[in-house]
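Down below is the structure, laid out as structure tokens.
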Amino acid sequence: MFLVSKKIDWGLISKFLVHELYHHVDYIANAFIYEDKLQEKWNLKSKEMSHYGILFLFCVLLEIRAEGYAEFASKDYRKFVIDPTMIKEFRKNIRELVTISKRNDAELFFAKKLSTESYSTYYCGNVMCFFIALYFSKRSLNVPKIVYNNRESLLSNLGSFLETGKKVSIVNLSPKVYSFALSSINQMGPIEFLNMYNLACDDLGISNNNKVLNWTEFNELKKIALNSAESRRIKAVKKKGYMIKG
């Protein structure tokens, strides 16, 4: 960009530096010690099953917390646009991810659809952070407003508006609530983060279909991966000429 325009986009550089700085804050706060141990355990399990979709499903859980927090910390919190199509795209991608068993294929799909080459996970992680902030805001004196179809509405209508599949804007989040949410999320690992997000969604009246991820679905995705691994095992055994009883 600089080579073409000969100008430095200081705003873009500032956002990038803040984003990376909050990754550093996470690291200093030892936010990933527990997750690193858990990821190592899942890594061994996925190799044992010869199914890497389940490993990268866990990687999504780690990434959505880390990148979502960094996005939330570096973006303008005073107005946030919730795009249900982005959430649906993310949900579709993780369902496809868990059907991929080979390491290279799973890793490539993860990178292109759910990690560094896609904004989907960054955005959805940011949504999760913002919903947690909305949960906190309901217990403050300054509750944000919804803008839907160019009209202001109460936060209590958020769930029903999201059911339409159209974009909804949230405006006027309190700086104090934002700071409190930022500090609180910084203390959460991915599992606690997912739990807090689902608590916030339930409190805000958000259906499971409009959530980024919930534990029921997460467990279903693990079952899909396990069933896929078992199908591959049976197919390999039959290919070798063995009979499968039962």
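Side notes on the structure shown:
- A simple spin-label model places the labels of Asp202 and Asn142 3.0 nm from each other, with each point 7 Å out along Cα-to-Cβ.
- Proxy reagent accessibility, fewest Cβ within 10 Å first, across Lys211, Lys167, Lys223: Lys223, Lys167, Lys211
- FRET efficiency, 1/(1 + (r/R0)^6) with R0 51 Å, evaluated for Asn186 and Asn227 via beta carbons: 0.90
- In terms of packing, defined here as the mean over residues of other Cβ atoms within 10 angstrom, the peptides 121-131, 179-189, 88-98 line up highest first as 121-131, 88-98, 179-189.
- Order of Leu134, Leu55 under a 10 Å beta carbon neighbour criterion, fewest first: Leu55, Leu134
- Each peptide in 75-85, 56-66 receives the mean, over its residues, of other Cβ atoms within 10 Å, and ordering these scores from highest gives 56-66, 75-85.
- Considering all C-alpha pairs of region 74-115, those separated by over 14 Å amount to 57%.
- Under Karplus coefficients 6.51, -1.76 and 1.60, residue-wise ³J(HN,Hα) of region 93-105 in Hz, glycine/proline x: 5, 5, 5, 6, 4, 6, 8, 9, 9, 6, 4, 4, 5
Where a number appears in this text, it was derived from the coordinates with a stated rule and is not lab data. Because the structure is a prediction, the values reported are computed rather than measured. We place every Cβ from the backbone using ideal geometry, glycine too, and count neighbours over all the protein chains shown.
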